[in-house]
Amino acid sequence: VGDPTVHYMDSIAGGTVARTSTAEHLATKGDVLIDEATANALGEKISIKEWREDPESHERFAVIGNSEWQFDLRLEQPAAIRPPAPNKLRVWLHGTVYEREQAGDESFLTEFRPCVALFMRFIGIDYDADIAEKQLDTFIRQAQSIVERYDGTFLQITIGDKGSYAYINFGALSVHEDDARRAVKTALDLKKAAEGLGFLEPLQMGITQGVLRVGAYGGKTRSTFGALGDEVNLSARLMTNAIAGEILLSGHVHKAVANDFSFEPRAPLAMKGKAEPLPVFAVTGERQQRAIRLQEPTYGLPMVGRTQELQIINDRLDLAEQGKGQVIGIIAEAGMGKSRLVAEVIRAARKKGFAGYGGACQSDAVNTPYQTWKSIWGAFFDVDPS
């Protein structure tokens with residue numbers, strides 16, 4: 001399932017998989033359980049110690065004894081397998097992973113990185129129905145599109161007896177200053193997308209932030225790319241504790257996005273190995289920001305240099321004062337003093353009697369028309385954002 005321009009994802013689903021998961025829950029230490037259909041197929045080749053029944057589904061599972069199994073397993077050795085051409089593998093790998101493998105950057109793929117982990121539970125697809133493949137593919141394609149929009153990485157899907165799960169990561173392949181905000185925005189968009197499909201129940205999601213081990217896992221014949229660590233387990237735990245339609249955040253994520261979203265506190269979560277329960281917050285929506293009203297900055301020291309730039313700015317302000325609108329662009333790498341120069345623009349404009357309004361565009365909103373101007377016009381016309 002999934003979009004080949006992002007990457008295909010393997011999925012195994014259905015009643016057989018669900019029964020395997022149910023058997024695992026009924027097993028205790030040292031047990032091997034099989035379902036009734038498998039027990040009937042094996043017949044006298046196995047000895048059964050006892051039967052156990054799942055209280056919810058009433059399905060029966062046999063606990064196998066320690067008898068010697070006699071199976072005829074004469075298998076022919078497979079011929080040498082030729083690996084497929086790289087272009088055939090492209091659709092099964094995330095684009096960044098594929099490019100780094102092709103460039104020989106395998107070592108770069110294994111490292112500790114600051115990441116945000118998002119776990120999502122989705123329920124509502126009957127995997128034994130004919131329409132299941134289409135429904136799953138439709139949802140995964142939409143989810144991949146949303147994750148790509150915020151430059152995250154859709155790592156895996158897992159389908160079990162208690163629902164289906166997706167693991168999405170921000171930071172594993174590309175790091176941003178606002179990865180926590182991107183993750184929460186992704187969760188809100190996923191929630192909306194699932195509601196629009198009609199066949200899924202409200203999603204349950206958990207989001208955490210921390211340092212993860214990012215890299216390839218597996219052997220020479222088959223490996224996969226992933227990001228693992230305590231925060232991944234905590235994210236999954238938050239997901240399972242969330243009620244339908246709820247997005248739960250850890251305290252670290254809440255602190256990182258406190259100015260961008262509105263929240264409600266939830267009961268602290270007790271975790272094994274942690275001395276104190278962890279704070280948990282539920283996202284209730286995106287916070288509507290009032291526009292930035294630019295005030296004269298308070299820099300204690302005068303600006304040094306930039307004489308030519310300041311002269312250009314003053315000339316343009318004079319033209320604007322005469323009714324001839326002007327546009328000035330200030331472009332430079334990080335740390336080159338853009339903010340300081342902008343502060344001088346505001347100072348000079350205020351001295352001439354101008355009023356200042358500001359807007360900002362997040363990096364994931366570069367394709368949203370007039371994104372930067374919305375807050376400016378809102379302030380200019382004194383529009384209440386609500």
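Remarks
- For segment 278-322, filtering for residues that are farther than 30 Å from residue 351 by Cα, modelled with pLDDT of 90 or more and either touching a Pro at 6+ places or on another chain (Cβ under 9 Å) or in a loop (DSSP other than H, G, I, E, B) (or both) leaves 5.
- Qualifying residue in segment 155-163 (condition: over 19 Å from residue 364 (Cβ atoms) and among the small types (Gly, Ala, Ser)): yes
- Evaluated against (1) open to solvent by less than 50 Å² (accessible area, probe 1.4 Å); (2) among the basic types (Lys, Arg); (3) modelled with pLDDT of 95 or more, residue 134 falls short on exactly one condition, (1).
- Checking each residue in segment 23-58 for being of a type in the set (Ser, Thr, Tyr) and at pLDDT 90 or above picks out 28, 38.
- Any chance residue 215 is on the phi > 0 side of the Ramachandran plot and over 13 Å from the mean Cα position of the chain (by Cα): yes
The values are calculated or read from the model by the stated rules, or taken from the named source; none is laboratory data. Quick caveat: nothing in here was measured; it's all calculated off a predicted structure. All Cβ positions, even for glycine, are placed from backbone atoms using ideal geometry, and neighbour counts span all protein chains on display. Accessible surface areas use protein heavy atoms only, side chains included; no ligands, DNA or RNA. Shrake-Rupley method; radii C 1.70, N 1.55, O 1.52, S 1.80 Å.
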